[in-house]
Amino acid sequence: MNKKFKLNEIEGIFGGRHLSKNQTNSSGKYLYLTPRHVQDKKISSLKDKDRFVDEETFKRKDYFEKFLLKPGDILVSTIFPKRKVYQIKKNDPKCFAGNNWIILRTKINDYLRDYLSVTEFYKNFELQCEK
C-alpha cells in the first residue's frame with residue numbers, strides 16, 4: 001500500500017435514497033439494499049421481503065444512477081447500535097442504496113479496499129463511524 005489517498009479523490013459522501021413501497025416492486029433489476037441485507041460480510045436475500053427498483057421509477061436517469069452501487073463503494077449503516085460497514089464487491093447483485101446507508105465513493109476505491117482489508121484499520125474505521 002504505497003499509494004497516497006487525497007481528499008480531492010473522494011467523489012462523494014452522501015446518503016442513500018428513501019423509496020416508498022409504491023416505488024419498489026417484488027421483482028426487478030436492482031435490489032433496494034437495506035442494512036438488513038448485509039449478513040456475515042456479504043449481501044443476503046431477505047426471502048419474501050426483498051424489494052426491487054427499476055429505472056422507470058425516476059424521471060432523471062443521472063439522479064437514479066447516483067444511488068446505484070459500484071464495486072468499491074463503502075456503505076455505513078445509519079441504524080442499529082453497532083454500525084454495519086460493507087464494501088460493494090464485483091460479484092454482488094446490482095443494488096440501489098436505500099436511505100439507511102451513507103455511501104463513500106472515491107475515484108480510487110482500490111486504495112480503500114486495501115486499507116479496509118487490514119483488520120486493525122477496519123476496526124479503527126468502524127470505531128470512527130460509530131462516533
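The values are calculated or read from the model by the stated rules, or taken from the named source; none is laboratory data. Being a predicted model, the structure only gives us computed values, none of them experimental. Please note: Cβ atoms are built from the backbone with ideal geometry, for glycine as well, and neighbour counts cover all protein chains shown. For the accessible areas, the whole protein counts, side chains as well, though only heavy atoms, and no ligand, DNA or RNA atoms are used. Shrake-Rupley method; radii C 1.70, N 1.55, O 1.52, S 1.80 Å.
The set of residues in segment 27-44 being under 11 Å from PRO93 (Cα atoms), among the basic types (Lys, Arg) and without any contact (Cβ under 8 Å) to a residue 60 or more places away in the chain consists of LYS42 alone.
Quick one: in segment 74-85, of everything that is modelled with pLDDT under 90 and not β-branched (Val, Ile, Thr), which residue is least open to solvent (accessible area, probe 1.4 Å)? Result: LYS84.
Could you check segment 71-110 for strands (runs of 3 or more DSSP E) lying wholly inside it with 3 or more residues that are under 25 Å from ASN25 (Cα atoms)? Please lay out each step first, then the result.
On the way: elements: 74-77, 85-87, 95-97, 101-106.
Fully inside segment 71-110 and qualifying: 74-77, 95-97, 101-106.
Applying the condition of being at pLDDT below 80 and of a type in the set (Lys, Arg) to segment 93-120 and asking which residue is farthest from LYS41 (Cα to Cα) yields LYS107.
Of all residues in segment 56-66, count the ones that are open to solvent by 40 Å² or more (accessible area, probe 1.4 Å), modelled with pLDDT under 85 and either under 20 Å from GLY12 (Cβ atoms) or touching a helix residue (DSSP H, G or I) at 6+ places or on another chain (Cβ under 9 Å) (or both).
If we filter segment 56-66 for residues that are open to solvent by 40 Å² or more (accessible area, probe 1.4 Å), which is where we start, we get 56-57, 59-63, 65-66.
Going one step further and asking which of them are modelled with pLDDT under 85, we end up with 56-57, 59-63.
From what's left, either under 20 Å from GLY12 (Cβ atoms) or touching a helix residue (DSSP H, G or I) at 6+ places or on another chain (Cβ under 9 Å) (or both): 57, 60-63.
Selection size over segment 56-66: 5.
Any idea which residue in segment 45-55 is modelled with the lowest pLDDT, counting only those that are under 22 Å from ILE79 (Cα atoms) and surrounded by 12 or more Cβ atoms within 10 Å (Cβ to Cβ)? Checking each candidate, the answer is LEU46.
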